[in-house]
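J.: Pasting a structure below so you can have a look.
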Amino acid sequence: MKFIITIFLFIESLIVSAQQVVNFQTELRRLSDISLLPQYMEGTVVKQISSYDRTGGNDDGFSGKYSFIRKEKGGLVILDAQGSGVIERIWTPTPTNDTLDFYFDGSSKPGLSIRFNDLFSGKVEPFVKPLVDAYMVGGYYSYIPIPYAKGCKIIFRGEKIMFHQVQYREYNQSYKVETFSLAGALAQKDLLRKVTNLWSDENRMISNFKYSGVKTIEKEMQLMPGESTIVALITSGGRIAGIELDPPAIFDGLYKQADIKITWDDEAIPAVHVPVADFFGYAFGERAMESLLIGATSGKLYCYIPMPFEKNATIALEYRKSDELQQEPLRLKTRVYYTAQKKTANEGRFYAKWTHDEPATGQPYVFLEGKGKGHYIGTILQAQGKDYNNFTEFFEGDDQTYIDGELRLHGTGSEDYFNGGWYAQPGGWTARAGAALSGCTDYSIPLSRTGGYRFFLSDKMPFNKEIKHTIEHGPVNNRPVSYSSIAMYYADKAIAVSEPPSNTVTKVLVPDTVTFYTNFLRHITYNGGVDFKDGHALVKDKENNSVTINVNEVPDGRYEMYMNTLDATTDRIGIRIADVTKVYDWRTVALQPGKGDREVYLGDVDIKHNTVPVVPVSIMFRSEAAPGLIFNRIVLRKK
């Protein structure tokens, strides 16, 4: 018996000694050492607990009904994870000054107590910016890792918690996880400073990533329409460390005719076959993204995502010809950085699935779906509404990620997925802004468009058999929408194949109808006897009434202008319009007294972006009696 026990203890000691150590230091390293990005994370599962509406509705935190697991004395339990793991990301648009208590490994005392706000404020170490951020396009996030050996329970010490997501990774027994301690985390100041310096450095360069043995292939080239050329051909194993193209201005515009194609190891289909503008984060014809890994500055396009291969790699550019365009030659410089370090058995190849789709109501938009082994590392999305009532409520959709047949992550809204919040609200998801791993690439209510990006470093999502990564389209957000996206992942082989880009789907859609709502973002300024009341505009005086419309986002052209009225106490009103060309004469517009949703034609206006700032459109009102006119939007239709 003694001999058997000795053998058992010996075997147990071998298992323990073979375990891979996971602690605050190792997890923090994964936020800066991007050479780790291609590596598989065997024996791990990524999950998320969030406040999403379990009925399929849109109460994703408003009432707080779905924002906790259970009540315990003095608080609300928002996470109760069992076994070994690490919290990799916490997000909310609604933090409070209430305390969060983190109980580790079954302890009856919290191992970490911190105000919910201070997870993101940057005022409490080790929760420092930019690894945490407050109100970045409406959302608050923290990527500070919080590991635990035998479980973690988070209790919110307040009466109500609203929107939140807690993403965490479970580790199996091949890992030895060391539980978070504040003292241990604070001892990693040098490593913490290294990560924060990298994330904060806006000078995007290959040297930021400390590769050794980097070689460069540099070319100058001119592409004519219909031509393609090889940028780099590497005939022995290695890894791409960076790709740079310049100048960025040649990829501006509504027509995305240039494509990048990357092929690994003699595969029949390119691993990357994407419009250049989309791949480097342009949005609706303009530079829009400068993330840590990929984007476009004023001086260059860059991609520093590591891409290992076994035998060979080909990077090419293709310039599609269009019969409807007068195309100039593409004159550019290219730089490809690579090393001789071949792909290892525990690494995947890099793939990018480009998708353009207009899903039917109730059908999700699919970023990536397929069978195989790998891990998901990035999303770039553009969304363009296509109907008359231009707005962006299609961004209500929840992301859902099914991995190996199980729903592992369920989000709370489209802008939430990109670490934002509160679209169309001041201080929220309302304008182009971004951080190292996530951000908003564009937002326009008048043009009914938006876009975002998110990259997964420490929180990359492994799959062993299959993945289906989607975002909801309907029934709440049920307008027709055109989506374009890039889903980035590593895998043994491609799990989904992109349709080759074509001229019919790469042209940026420009709506011929733009809408200005009185109750969102205040594109309309109220002057004199016009008030903003209950979300609508009220014209209340007989004279000296006017509104000014900010048309910065409206393309040049001549437009018919309409006003959607809700109520009026008179049957006619005088209208005088001013645009960039002139102040027009007064004219009388007929109204229908009483309540009702009616559209009234006001006249034609010209919009030209030949002045800085752009000249707004103004509407002046006068009437013989107090008009009591209430309207809720101004609509411009291109002639």
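J.: Checking the a/c ratio against 1.5 first, then a/b against b/c, what shape does the Cα gyration tensor give for the stretch 227-271?
T.: prolate
J.: If you don't mind, there's one more thing I want to ask. Residue by residue through the stretch 315-325, which ³J(HN,Hα) values in whole Hz follow from phi under the Karplus form 6.51 cos²θ - 1.76 cosθ + 1.60 (θ = phi - 60°), with glycine and proline marked x?
T.: Karplus values, whole Hz, x for Gly and Pro: 10, 9, 10, 10, 10, 5, 8, 10, 6, 8, 10.
J.: Over what distance in Å are the Cα centres of the stretch 566-639 and the stretch 383-429 separated?
T.: 34 Å
J.: Can you run phi through the Karplus equation (6.51, -1.76, 1.60; θ = phi - 60°) for the stretch 246-255 and list ³J(HN,Hα) in whole Hz, with x for Gly and Pro?
T.: Once θ is set to phi - 60°, the couplings for the stretch 246-255 become 7, x, x, 4, 6, 9, 5, x, 6, 9 Hz.
J.: Further question on the same structure: Between the helical axis of 189-200 and the dominant principal axis of the chain, each derived from Cα atoms, what acute angle in degrees is found, rounded to the nearest 10?
T.: Helix 189-200 sits roughly 30 degrees off the main axis of the chain.
J.: If amide hydrogens are placed 1.01 Å from N in the peptide plane, which non-local residues have theirs closer than 5 Å to the one on residue 409?
T.: Correct list: 401.
J.: Now for a different question. Which value, in debye to the nearest 20, describes the size of the charge dipole of the stretch 2-200 about its Cα centre when Lys and Arg Cβ atoms bear +1, Asp and Glu Cβ atoms bear -1, and nothing else is charged?
T.: Once rounded to the nearest 20, the dipole reads 260 debye.
J.: Residue 71 to residue 393: extension gain in nm, 0.36 nm per residue of separation minus the Cα-Cα distance?
T.: 112.6 nm
J.: Here's another thing I want to ask about it. Residue farthest toward the positive end of the dipole of the chain, with Cβ of Lys/Arg at +1 and Asp/Glu at -1: which of 441, 500, 192?
T.: Positive-most Cα among the choices belongs to 192.
J.: For the stretch 2-200, calculate the relative contact order in percent as a whole number, restricting contacts to Cα pairs under 8 Å that are 6 or more residues apart.
T.: 33 percent
J.: I need the trypsin sites (Lys or Arg not before Pro) found in the stretch 438-507, filtered to DSSP loop residues with at most 10 other beta carbons within 10 Å of theirs.
T.: 465
J.: Given the -39500 (n - 2.57) contribution per DSSP H run of 4+ residues, what per-residue ellipticity at 222 nm results for the chain, rounded to the nearest 500 deg cm²/dmol?
T.: For the chain, the value works out to -2000 deg cm²/dmol.
J.: Report the relative contact order of the chain, percent, no decimals, based on alpha-carbon pairs under 8 angstrom and at least 6 residues apart.
T.: Answer for the chain is 13 percent.
J.: With labels modelled as points extended 7 Å from the Cα through the Cβ direction, what inter-label distance (nm, one decimal) is found for residue 21 paired with residue 233?
T.: For residue 21 paired with residue 233, the spin-label model returns 4.8 nm.
J.: What shape does the stretch 535-639 have by the C-alpha gyration tensor, where a ≥ b ≥ c are the square roots of the eigenvalues, rounded means a/c under 1.5, and otherwise prolate means a/b greater than b/c and oblate the rest?
T.: Prolate, since a/c reaches 1.5 and a/b exceeds b/c.
J.: Return the long-range amide H neighbours of residue 20 (sequence gap of 5 or more, or a different chain), with a cut-off of under 5 Å between placed amide H atoms.
T.: So residue 20 has HN proximity to 175, 176.
J.: Are there any trypsin sites (Lys or Arg not before Pro) in the stretch 52-161 that are in a DSSP loop and have at most 16 other Cβ atoms within 10 Å? List them by number.
T.: 54, 65, 73, 123, 150, 160
J.: Hey, another quick one. Once amide H atoms are placed 1.01 Å from N in the peptide plane, what residues at a sequence separation of 5 or more from residue 60, or on another chain, have their amide H within under 5 Å of its amide H?
T.: Amide H neighbours of residue 60, under 5 Å, 5+ apart: 53.
J.: Which three extents, in whole angstrom, do the alpha-carbon atoms of the chain cover along their principal axes, largest first?
T.: Projected onto its principal axes, the Cα set of the chain covers 106, 69, 41 Å.
J.: Need one word for the stretch 303-386: rounded, prolate or oblate. Basis is the Cα gyration tensor (sqrt eigenvalues a ≥ b ≥ c); a/c below 1.5 gives rounded, then a/b vs b/c decides.
T.: oblate
J.: While we're looking at this one, here's another question. Just going by the charge dipole of the chain, with Lys and Arg at +1 and Asp and Glu at -1 on Cβ, which of 614, 298, 397 is farthest out on the positive end?
T.: 298
J.: Please check which bits of the stretch 433-454 a label hung off residue 553 would reach, taking the label as a point 7 Å along Cα-to-C-beta and the cut-off as backbone N under 16 Å.
T.: Flagged as within label range: 433, 440-452.
J.: Once R0 is set to 60 Å, what does the formula 1/(1 + (r/R0)^6) return for the Cβ-Cβ distance between residue 590 and residue 55, expressed as a FRET efficiency to the nearest 0.05?
T.: The formula returns an efficiency of 0.85 here.
J.: Specify the inter-centroid distance of the stretch 227-274 and the stretch 81-129, based on alpha-carbon positions, in whole Å.
T.: Centre-to-centre (Cα) distance: 42 Å.
J.: May I pose another question? Against the longest principal axis of the chain, how steep is helix 2-18, in degrees 0 to 90 to the nearest 10, with axes from Cα atoms?
T.: For helix 2-18, the angle is close to 40 degrees.
J.: Would you work out the charge dipole size for the chain about its Cα centre, treating the Cβ of every Lys and Arg as +1 and the Cβ of every Asp and Glu as -1, and quote it to the nearest 20 debye?
T.: 1080 debye
J.: Let's see if you can work this out: charge +1 on each Lys and Arg Cβ, -1 on each Asp and Glu Cβ, no other charges. What is the dipole magnitude of the stretch 518-639 about its Cα centre, in debye to the nearest 20?
T.: Dipole about the Cα centre, nearest 20: 120 debye.
J.: Now a separate question. In a shell of Cβ-Cβ distance under 14 Å around residue 557, excluding residue 557 itself, what net charge do Lys and Arg (+1) and Asp and Glu (-1) give?
T.: Net local charge, residue 557 excluded: -2.
J.: Considering Cα pairs under 8 angstrom that are at least six residues apart, work out the relative contact order of the stretch 63-147 and quote it in whole percent.
T.: Here the relative contact order equals 27 percent.
J.: What is the distance in Å between the Cα centres of the stretch 460-475 and the stretch 517-547?
T.: Using only Cα atoms, the two centres lie 44 Å from each other.
Every number here is computed from the coordinates shown, using simple stated rules; none is lab data. All values derive from a computational prediction rather than experimental measurement. Every residue, glycine as well, gets a Cβ built from its backbone with ideal geometry; the counts of neighbours run over all protein chains shown.
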